[in-house]
Structures are given as C-alpha cells and as structure tokens.
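The values are calculated or read from the model by the stated rules, or taken from the named source; none is laboratory data. Quick caveat: nothing in here was measured; it's all calculated off a predicted structure. Using ideal geometry, Cβ is built from the backbone for each residue, glycine included, and neighbour counts are taken over all protein chains shown. Areas reflect the complete protein model, heavy atoms only, side chains present, ligands, DNA and RNA absent. Shrake-Rupley method; radii C 1.70, N 1.55, O 1.52, S 1.80 Å.
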Amino acid sequence: MLPFDLAMMVAIVLSIILLGFGAVVLGMIMTGQIDLSDILVESNEQGSRKASLSRLQFLIFSFVIAGLYLVICVESGTFVDVPPGVLILLGISGGSYVVSKGLGSGAHKKQPAAMPQPRQPAAQQPAQRRMPAQQQPAAEIQQSVAAQ
Amino acid sequence: MNAGPIPDLLTFILLTWLIGLAAVIVYEFVRGRIWFRGLFTTDVDGDGIADEFHPERVQLLIMSLCGIVGYAMMTMEAASASNATLTVLPDIPEELLMILGASNTFYLSGKYGRMLQRG
C-alpha cells in the first residue's frame, strides 16, 4: 500500500469518527439530552435567571468565525492564516464578556458590605467616661504634695 | 497528489452540520426553550416584572449582527470570486472594528453606570 493511500485511509477514518461525534452531539441537542436552555443565562443580583447579551455576542462571533475558518481550511487542505483583524474582533467580544461578568460579580459583592455595623451597648460608655474623672482628684493631690 | 472528491465531500458535510446546528439553536430560540428573558431589560427589585430598559443592549445586538453577517458575506464572496482556493481569512475592515469597539464600550459604560447608580 502506498504511503499516500495509507494517509488517505487514516484521514477518512478520522473524518468519519469526528463527524460521528458531531452527529451524536446534534442528535442529543435535538432530542433534549443536551439542554441549551441556560446557554445565555447569568444570575443577577437577586439570584434570578437573566440572559446575558455579552454571552450571546461571544457565542455568535465564535460560531461564525470558527465555521468560516473550518470551511476554508477544508477547502484549501491546510491551516489558513488568521488575520489580526479577526483576532482583534474575537478579543473585543471576549473582553466585553469578561468585563461584563466582572461588573456583574462586583455588584453581587457590594451588597453584604452595605450592612450597618452593630453599635456598642450604651451601658459601657458612662463607666468608661467616669474613670478619667475619678482619677483627677488623685492627680491634683499628688501635684499639690509635689509643689510643697 | 490528488485527494479526489474527499475535500468537497467533507466541506459539504461540515457545512450541513454547521447549518443544522445553527438551525437547531434558532429553533430552540423561537420555541422559547432557550432562556432569553432579561436580554434588553433588568428586573431591579426581583418581582418578575422588568423595571429598566437598556437601549445600549439593543444597539450592541444590532451592530454585532450586522457586523458578523457582513463579514460572513464578504468571506463567501471572496471564496466564490477567486479562481484559486482561499489560503487566508479575509481581514476585517478597520472601520468595522472601530464601530464594534465603540458599540461594546457604550454597552459596558451603560452597565457600569447603572451599577454605580444602584450603589
């Protein structure tokens, strides 16, 4: 068997395996075994479910660019170059998602810190004030003795 | 060395799979099985009723969809117009990058401003 024929056979077998995985994933999504209902959900300050637009944008951009890249790679038969503009676009999308998530988690952390600190019991305060006043007559006596 | 019809077959199968996946996601979206409530609004007091509407989110979605659809169409046109197969993805115009960057900045600024307003 020629090396090229062997390489073609390996490529065909690998392609069948990968496409099989893809078909299984698609079938599981269609039958509901893979649940996509929370694919866009981020919990908000109240803990309820809320769709995130930055997640949707990240999903759309990744999906489209990866799909285009895959198709062009298969057509050309080799890995194609990715221009800097596409990387910047993915960076904008991913960065926006990360910052949005950070802002959301920052809003969650602020709420416990807003609780007021407990006040000290009022009974302790007058006793603390009395001590310096009681000490003053003793200090005056000592000063008068020293002056004599 | 000629790979025969295998690359064309793979391209066809991959495109079918990608379109099928996109169709399933859009179908789940239309049926309402994918949760998209709160995409443009916020329920501040947690009573289940939207209290705030965010226009910056609407503009982000519109700009993002227009931008990515335009880029996909540009890539498909470049692939069909050239006699030889593409060896590099088409570069994104700088104007489009600036528009999308400004759109995302506007969205994040609005989100940050509302977070400060709520304390």
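Below is a table of values for the structure above.
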| item | result |
| --- | --- |
| Check on A:GLN33, of a type in the set (S, T, N, Q) and touching a residue at least 24 places away in the same chain (Cβ under 8 Å) | no |
| Single unsatisfied condition, B:ALA22 versus (1) outside the structural domain of B:ARG114 (by TED's automatic domain parsing); (2) crowded, with 16+ Cβ neighbours inside 10 Å; (3) within 20 Å of A:LEU53 (Cβ to Cβ) | (2) |
| Residues being part of a helix (DSSP H, G or I), at pLDDT below 90 and open to solvent by 20 Å² or more (accessible area, probe 1.4 Å) - total across the stretch A:28-58 | 2 |
| Out of A:LYS110, A:LYS101, sole residue that is outside any loop (DSSP other than H, G, I, E, B) and modelled with pLDDT of 85 or more | A:LYS101 |
| Evaluation of A:GLY22 against (1) outside any helix (DSSP H, G or I); (2) crowded, with 16+ Cβ neighbours inside 10 Å (one fails), failing number | (1) |
| Search result, residues across the stretch B:31-74 that are part of a helix (DSSP H, G or I), among the aliphatic types (A, V, I, L, M) and surrounded by 13 or more Cβ atoms within 10 Å (Cβ to Cβ) | B:VAL58, B:LEU60, B:LEU61, B:MET63, B:LEU65, B:ILE68, B:ALA72, B:MET74 |
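This table checks each residue for (1) under 30 Å from A:THR31 (Cβ atoms); (2) in contact with a Leu (Cβ under 9 Å, 6 or more places away or on another chain); (3) small (Gly, Ala, Ser).
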site: B:ALA23; (1), (2), (3): yes, no, yes
site: B:GLU56; (1), (2), (3): no, yes, no
site: B:ALA72; (1), (2), (3): yes, yes, yes
site: B:ILE92; (1), (2), (3): no, yes, no
site: B:LEU96; (1), (2), (3): no, yes, no
site: B:ILE99; (1), (2), (3): no, no, no
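Listed here are the residues, each with its yes/no results for (1) more than 8 Å from every other protein chain (Cβ to nearest Cβ); (2) farther than 18 Å from A:GLY102 by Cα.
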{"position": "B:PHE53", "(1), (2)": "yes, yes"}
{"position": "B:LEU60", "(1), (2)": "no, yes"}
{"position": "B:SER64", "(1), (2)": "no, yes"}
{"position": "B:ILE68", "(1), (2)": "no, yes"}
{"position": "B:LEU86", "(1), (2)": "no, yes"}
{"position": "B:PRO93", "(1), (2)": "no, yes"}
{"position": "B:LEU97", "(1), (2)": "no, yes"}
{"position": "B:ARG118", "(1), (2)": "no, no"}
